[in-house]
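Following: one structure in structure tokens, then a few remarks.
Here, each number is a calculation from the coordinates, and none is a lab measurement. Here the structure is a predicted model, which means the values were calculated and not measured. Here the Cβ positions follow ideal geometry from the backbone for every residue, glycine too, while neighbour counts run over all protein chains shown.
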Amino acid sequence: MDMKEKIQKKFETLFGGEGDFFASAGRINLIGEHTDYNGGYVFPGAIDKGIVAEIKLNGTDKVHAYSLDYDEYVEFGLNEEDAPNQSWAKYIFGVCRETEKRGGKVEGFNTAFAGDVPLGAGLSSSAALESTFAYALNYLFNNGIDKFELAKIGQSTEHNYCGVNCGIMDQFASVFGRKGSLIRLNCKTLEYKYFPFDPKGYKLVLLDSCVKHELASSAYNKRRKSCENAALAIRKNHPEVEFLSDAKRVWLDEVRNNISGEDFLRAEYVIGEVQRVLDVSDALERGDYDTVGELMYQTHFGLSRLYEVSCEELDFLNKIARQCDVTGSRVMGGGFGGCTINLVKDELYDKFISIAIEKFSVKFGHEPKVYDVVISDGARKL
Ligand code: ADP
Ligand code: MG
């Protein structure tokens, strides 16, 4: 039985009748890491793993929600003081509240939903959940909220109801995602552009190291500070540099002796990454996946050696990819754990996966998880 049928059955048992189906997706980011807070680009796409929800208005002022994956049923009202306790329900409640804050109408509804984005693996299952409901409420109540604002509803839900101070990329990708396309988003101007991504003869696969090192949040703040230091130094010579990503590489060299060696390396990575995103854009237009892959390796090198946010497990997976002649591989996300994203030729896939699982298990005592992904549509009505 597929996910939709299971949901349908449960909805019918719980509420009777049937509603409309909505869906949205998790996301990957091909390239453009640690660039968001430096005013640079990210390059995400929605994936074929997401959330599906059946929803029907119930004529009350309460939401009746059932999560198939948690096997939990929750009822909550729509006022600020009605916030539910279950973490998954907070996302739905938050989306209702943030929709209302933007002048949208929301009334009671029944819903049953399920998903297949692995939780907490860096594929943004939470954005999939938020954008499914943001899109659905906008549709069902005919609120006319534009797509960018739907993404912001998800982001504000994380900030205000789930205690996660995230950027806009995940929700943006989840709402705007389109089959066969990645989206280059400028984090400073919020301009975006679709690029073709349909690598015939290749698979996109994530290897989840299943580790999360504690360093992540303190290191993150230190990296941000280094970037600000470098931008500040460069700005003295080049006042147009608002964010580090506005700087040219030679401008960084000019201030080499005015900033710490560490800040220099961090800035070298960021400025290089901005250029790599532009190079990937050109390569995608040409359908040149060899170049895309090589740039992914360069990003991994930068994140590992210059930005120093990789870890032993991720470097190990990256090295195996190189040894197996995988086209492209890099750590995805903030670092210190999580997944590598790999662009692999079809004929190398089986060998790569079995070697990676075997060698990784021998070294680290557990297997990496494998997630195949295909770039797919984001928020939609089914
Ligand atoms: P991620 O990196 O996957 O977004 P988060 O911790 O931000 O990880 O979000 C995971 C949370 O999102 C879960 O704890 C749960 O509350 C909610 N969630 C995601 N997918 C589902 C699902 N299929 N069913 C119910 N809740 C979900
Ligand atoms: Mg999340």
Using the Cα centre of the chain as the reference point, and only Cβ charges (+1 on K/R, -1 on D/E), how large is the resulting charge dipole? Debye, rounded to the nearest 20.
500 debye
Enter the angle in degrees (range 0 to 90, nearest 10) between the Cα long axis of helix 346-364 and the first principal axis of the Cα atoms of the chain, meaning the one along which they spread out most.
80 degrees
Quick query: amide H of Ala25 versus all other amide H atoms, modeled in the peptide plane; which residues come in under 5 Å with a sequence gap of 5 or more or a different chain?
Ile51, Ala379
Going through Lys6/Lys203; Lys225/Lys248; Lys10/Lys179; Lys10/Lys90 one by one, the pairs whose alpha carbons sit over 25 Å apart turn out to be Lys6/Lys203; Lys10/Lys179
If every Lys and Arg gets +1 and every Asp and Glu gets -1 at its Cβ, then about the Cα centre region 273-367 yields a dipole, in debye to the nearest 20, of 260 debye
Angle check, please: helix 147-161 long axis (alpha carbons) against the longest principal axis of the chain (alpha carbons), in degrees 0 to 90, nearest 10.
90 degrees
If the label point sits 7 Å along Cα→Cβ of Ser217, residues of region 329-356 with amide N under 20 Å come out as 333-339
Globularity index of the chain, i.e. its alpha-carbon radius of gyration over 2.2 N^0.38 Å
1.03
Of the residues Cys166, Leu265, Ser361, the Cα lying farthest along the dipole of the chain towards its positive end, which is defined by charges on the beta carbon of Lys, Arg, Asp and Glu, belongs to Leu265
List residues of region 271-295, by number, whose backbone nitrogen lies under 17 Å from a label position 7 Å along Cα→C-beta of Arg178.
281-282, 284-287
Roughly what would the spin-label model give for Arg322 and Asp253, points 7 Å off Cα along C-beta, in nm?
2.5 nm
Check: C-alpha center region 146-182 vs C-alpha center region 201-276, spacing in Å is 24 Å
Return the lysines within reach of Lys4: Cα separation strictly under 16 angstrom, same-chain partners fewer than 8 residues apart disregarded; answer none if there are no such residues.
Lys49, Lys56, Lys381
What angle, in degrees between 0 and 90 and rounded to the nearest 10, separates the Cα long axis of helix 312-323 from the longest principal axis of the Cα atoms of the chain?
70 degrees
